[in-house]
Amino acid sequence: MVNTLPAPVPPEQRDQISGARSPCTTIIPPSAQSLRAQRKVPADGVVMVGGQRLRIGRAHAGKTVTILIEDTGVRVLDGEVELSTHDRTSDKPIRQFKVVARTTK
């Protein structure tokens, strides 16, 4: 599993780090072809998309996140902030795209 984390060092100070290398690729923006689904993160921090469990984290419980489903991976966004990336292990169709308010009886 690969996670993307924000850099703790400001851009102007990154050249001063000993042994630092510049990235060879940039972060790919979401394409127009990727599917988008929304999920509300439950208390355990795990959501399901297309038969695949995505561990987002308990710290994000209660948030509504956008999930970009691409050919080989899944990206989880909170607004413009990327929370995590996951390899896509399932090719099941996505049946639910928006968050559905569930009522309890």
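Quick notes on this one:
- For the range 49-89, the candidate set comprises residues that are exposed (fewer than 14 other Cβ atoms within 10 Å of the Cβ) and polar (S, T, N, Q); within that set, the residue that is modelled with the lowest pLDDT is 72.
- Residues satisfying the stated conditions in the range 3-20, i.e. farther than 28 Å from residue 54 by Cβ and either outside any loop (DSSP other than H, G, I, E, B) or at pLDDT 75 or above (or both): 9, 10, 11, 12, 13, 14, 15, 16, 17, 18
- Count - residues of the range 31-48 that are out of contact with any helix residue (DSSP H, G or I) (no Cβ under 6 Å at 6 or more places or on another chain), more than 13 Å from residue 98 (Cβ to Cβ) and at pLDDT 90 or above: 6
- Identity of the residue in the range 83-102, touching a Ser or Thr at 6+ places or on another chain (Cβ under 8 Å) and not in a strand (DSSP E or B), that ends up farthest from residue 34 (Cα to Cα): 99
The values are calculated or read from the model by the stated rules, or taken from the named source; none is laboratory data. The model shown is predicted, which means the values in this text are computed figures rather than measured ones. Counting neighbours? That spans all protein chains shown, and the Cβs are built from the backbone with ideal geometry, glycine included.
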